[in-house]
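The values are calculated or read from the model by the stated rules, or taken from the named source; none is laboratory data. Keep in mind that what you see is a predicted model, and the values were worked out from it rather than measured. Here the Cβ is made from the backbone with ideal geometry for all residues, glycine too, and neighbour counts use every protein chain on show.
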Amino acid sequence: MHRRRQKGQPGWLGLGRKLFWSWWLWMAVAAVGGASGHGNFAATLATVGFLFYLLAPREHIPQYGLESKFPVHSDEFIASVVGATGVSFIHGNKVNVLRNGDEFYTAMLNAIAGAKQTITMENYIFWNGEIGRRFATALGERCSAGVSVKLLLDSIGSSTIGKEILATLNSCGCEVAWYNRIWVRTIGHFNHRNHRKSLIIDGRIAFTGGAGIADQWMGNAGSPAQWRDIQIRVEGPGAVGLQAGFAQNWLETTAELVSGPGYFPPPDPAGNVATQTILSSPKSGSSAVRIMYYLSIISARDRIWIANPYFLPDDSAVQILCEAKQRGVDVKIMVAGIHNDMRISRYASIHLYEKLLQAGIEIYEYNRTMLHQKTMVVDGIWTTIGTTNFDNRSFALDEESNVCAYDRPLAEELTEIFAEDLRSCERVKFDRWRHRGLKNRIFGATCVFLKEQI
């Protein structure tokens, strides 16, 4: 009988962290305290336990079946990535990579201006500011012209949208809905957020990537005030994947079924790229995007180049990345460096570098501005671009979407972009990491205790 091999055994610190976040342990201690007559103490512990119960991710993380069995360049890989994620490839698409706000905001606004029937947008961030007002005006104009405009915004991420933008949208008849507002009836999943960033025009042109609608993405990443990011434009039948994600969350939020040719038009090829749009949700119990990432890593034979701002791998991911390096794969990881909007995430990530650096994996910190794209290129043919950060929050707690393609020209383009971005990076050396200051060590170790929530 074949014995299964577990990947990523956590060790004592990892077990301690898991126990700390275990709501049942706090409740058990509270029960003991209550039985012993320490009512106030028990109530405090019970409150902490209840909070941890609400915060706890309930994802089934892969720990077995993570052996390297077949390469990315194989029919077995394609069949497995389709079967394991439950998402098929859709052929006949044109895919354009758009760098920084000057490119992707221009393309998105042009697409909005050309909309004939429907515009749907699903966004974690839609903030008050110059670009927010421009989008609101553009959406309002199309709505006034008879185009159906529906916006689904995260109630936490887009809470600073401002009265002016909402007034512009509402006055023109745009439909705005708020994902997962915090009410008593939603308290059980208040920690689940919609981190997707999708814009779909007439069900045929779709945009997604790392960028929300906010002024920090404007420009061309020429200064620390302008974030570095990537969006893609998918034209063709493949746009249906992102539209499906919008439709599911719109139904959940508003009870309205989105249907008809204005949203789901008949297939009409626009290019020769086959795309796979993976929609990840905490409601499913397992992250389809995490599954895709892990399957890609264990199937790599030549190269894994990951660009992701918030890189907090779990124990399984650390082990399979190290094993990839051991079998001769060129593993490079690019993360946000000194310009990072989440200090907790940065220091937790730094604390987790040890095993990766010891294995010879190259880690680069992008220091020109805030790096925010989420891309991966494997073996010069397999790519993924999307909204998912390489951390537990994205994998286990947020609604996410990634577009994948098995296409050499697209992989080559993303490889060139990665290589160009390396010129703005500083490589993390193990010796420098080992001699980081005591303050950084303590802060990093503390932040790692929050790893399940960031």
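Structure data summary
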{"quantity": "Qualifying residue in region 326-334 (condition: out of contact with any strand residue (DSSP E or B) (no Cβ under 7 Å at 6 or more places or on another chain) and not small (Gly, Ala, Ser))", "calculated": "yes"}
{"quantity": "When residues of region 253-276 are limited to those that are outside any loop (DSSP other than H, G, I, E, B) and either at pLDDT below 95 or touching a Cys at 6+ places or on another chain (Cβ under 8 Å) (or both), the one surrounded by the most Cβ atoms within 10 Å (Cβ to Cβ)", "calculated": "Thr275"}
{"quantity": "Boolean, Val95 is assigned by TED's automatic domain parsing to the domain that holds Asp379 and either more than 29 Å from Glu416 (Cβ to Cβ) or not acidic (Asp, Glu) (or both)", "calculated": "no"}
{"quantity": "Of the criteria (1) crowded, with 23+ Cβ neighbours inside 10 Å; (2) more than 29 Å from Ile119 (Cβ to Cβ); (3) polar (S, T, N, Q), which one Ser287 fails", "calculated": "(2)"}
{"quantity": "3 or more residues among the aromatic types (Phe, Trp, Tyr): qualifying helices (runs of 4 or more DSSP H) within region 1-78", "calculated": "23-35, 39-55"}
{"quantity": "Which numbered condition Val377 misses (of (1) closer than 19 Å to Val335 by Cβ; (2) touching a helix residue (DSSP H, G or I) at 6+ places or on another chain (Cβ under 7 Å); (3) assigned to a helix (DSSP H, G or I))", "calculated": "(3)"}
{"quantity": "Which listed residue is among the small types (Gly, Ala, Ser), modelled with pLDDT under 95 and closer than 21 Å to Pro282 by Cα, from Ser349, Ser394", "calculated": "Ser394"}
{"quantity": "Among (1) at pLDDT 85 or above; (2) loosely packed, with under 13 Cβ neighbours inside 10 Å; (3) of a type in the set (A, V, I, L, M), the one test that Leu98 misses", "calculated": "(2)"}
{"quantity": "One residue from Gly132, Gly173, Gly203 being among the small types (Gly, Ala, Ser) and within 23 Å of Val240 (Cβ to Cβ)", "calculated": "Gly203"}
{"quantity": "Long-range neighbours under 9 Å by Cβ, at least six apart or interchain, first residue closer than 23 Å to Val329 by Cα within region 72-93, second assigned to a loop (DSSP other than H, G, I, E, B) and basic (Lys, Arg)", "calculated": "Val72/Arg301; His73/Arg301; Glu76/Lys69; Ser80/Lys69"}
{"quantity": "Condition met for Ile344 (in contact with a helix residue (DSSP H, G or I) (Cβ under 7 Å, 6 or more places away or on another chain) and assigned to a helix (DSSP H, G or I))", "calculated": "yes"}
{"quantity": "Residue list for region 110-138, restricted to those being more than 23 Å from the chain's Cα centre (by Cα) and free of Cβ contacts under 8 Å to residues at least 60 places away in the same chain", "calculated": "Asn110, Ala113, Arg133, Arg134, Ala136, Thr137, Ala138"}
{"quantity": "Residue ID - surrounded by the fewest Cβ atoms within 10 Å (Cβ to Cβ), chosen from residues in region 236-251 that are under 14 Å from Ile119 (Cα atoms) and among the hydrophobic types (A, V, I, L, M, F, W, C)", "calculated": "Ala244"}
{"quantity": "Residue match in region 304-314 (condition: surrounded by fewer than 22 Cβ atoms within 10 Å (Cβ to Cβ), assigned by TED's automatic domain parsing to the domain that holds Glu416 and either under 22 Å from Ser68 (Cβ atoms) or modelled with pLDDT under 95 (or both))", "calculated": "no"}
{"quantity": "Number of positions in region 115-138 that are of a type outside the set (Phe, Trp, Tyr), in contact with a Ser or Thr (Cβ under 8 Å, 6 or more places away or on another chain) and under 27 Å from Gln226 (Cβ atoms)", "calculated": "9"}
{"quantity": "All positions within region 77-95 that are under 15 Å from Ala274 (Cα atoms) and either at pLDDT below 95 or β-branched (Val, Ile, Thr) (or both)", "calculated": "Ile78, Val81, Val82, Val87, Ile90, Val95"}
{"quantity": "Given (1) more than 24 Å from Ile61 (Cα to Cα); (2) surrounded by fewer than 21 Cβ atoms within 10 Å (Cβ to Cβ); (3) within 19 Å of the chain's Cα centre (by Cα), number of the condition Leu371 does not satisfy", "calculated": "(2)"}
{"quantity": "One residue from Ser281, Ser198, Ser296, Ser287 being closer than 30 Å to Asp315 by Cα, among the small types (Gly, Ala, Ser) and modelled with pLDDT of 95 or more", "calculated": "Ser296"}
{"quantity": "Unique residue being surrounded by 14 or more Cβ atoms within 10 Å (Cβ to Cβ), under 18 Å from Val97 (Cβ atoms) and of a type in the set (Phe, Trp, Tyr) when the list is Phe207, Phe190", "calculated": "Phe207"}
{"quantity": "Residue satisfying all of: in region 159-214; assigned to a strand (DSSP E or B) and charged (D, E, K, R); farthest from the chain's Cα centre (by Cα) among these", "calculated": "Glu175"}
